Amino acid sequence: MTPYELFYLGMEPFLLGLHHQVRVRVRDLARRAGPERLRVLDVGGRSSHYTIGLPVDVTITDLPRETDQQHAYRLGLTTQTIDRLRTRRSNVRGVELDDMTRTRLPAASFDCVIAVEVLEHVVDDEAFVRNVATVLRPGGHFVMTTPNGDWKPVPVGDHKRHYRRAQLRELLERGLSEVEVDYAVVAGLARNLGLRGLTARRPIKSLLSMGGNFVNRALSSGRHVRERMHGTHHLIATGVKA
């Protein structure tokens, strides 16, 4: 592993709880696969923190960062982000410019597809899910997160929509089986502190952020949170290609 990956793994308990929940699901899939390394497609991941150090081969795809809106919200891939991925990551096997609503990726080529906080940005969400199912191998898994529309129904920023739990389940079931949708990440002061981020130039801010993430991760870990419609920020969903 690279020094960046080793540092990240040491800091993992103090980083975003949502990434931890995605990581747990992908790690469990990798364990079930045994000695065979999973081929993982991370759509819109850019840095793909939740796959660091896992025994999987990751391909990252995203749109190029071109529009003013993309620059404003730091969406899409740039030459700099691609270069950073290639130098920092040991299990990233490829970085592709691709649009999942009309993907050029070959069918049945991945064991797992991940989309963390992506679907709310997509206009044609039905085409996105249909193509996720296309690129998955039979028995492959889709793992995704999106804002919780049962609690925060009004889209923000460049979000096209916020899904209610039932809406998201219905959408995913059009192309996948064994769909499960849970609520995730408890709201509150700890979560807000955690979003401040880490920077060496502001050590106190960084320590508060680390502490907030550590506490929020503990608060969000209970099974009861999965059914907590109000007071949770995200939906986390999984589905299987039949």
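Points worth noting:
- Contour minus Cα-Cα distance for Q80 and E36 (0.36 nm per residue): 12.7 nm
- Bridges between two residues of the chain, per DSSP, are antiparallel at a rate of about 40%.
- Centre-to-centre separation between the Cα atoms of region 152-212 and those of region 20-34: 19 Å.
- Accessible area of the chain belonging to carbon and sulfur atoms, whole % at 1.4 Å probe: 54 percent
- Integer Hz, Karplus 6.51/-1.76/1.60 couplings in order for region 137-146, x for Gly and Pro: 6, x, x, x, 10, 10, 10, 8, 9, 7
- Solvent-accessible heavy-atom area per residue, rounded to whole Å², over region 38-160 at 1.4 Å: 44 Å²
The values are calculated or read from the model by the stated rules, or taken from the named source; none is laboratory data. Keep in mind the model is a prediction, meaning the values are calculated, not measured. Ligands, DNA and RNA are stripped out before the accessible areas are found, and what is left, the full protein with its side chains, is counted by its heavy atoms. Shrake-Rupley method; radii C 1.70, N 1.55, O 1.52, S 1.80 Å.
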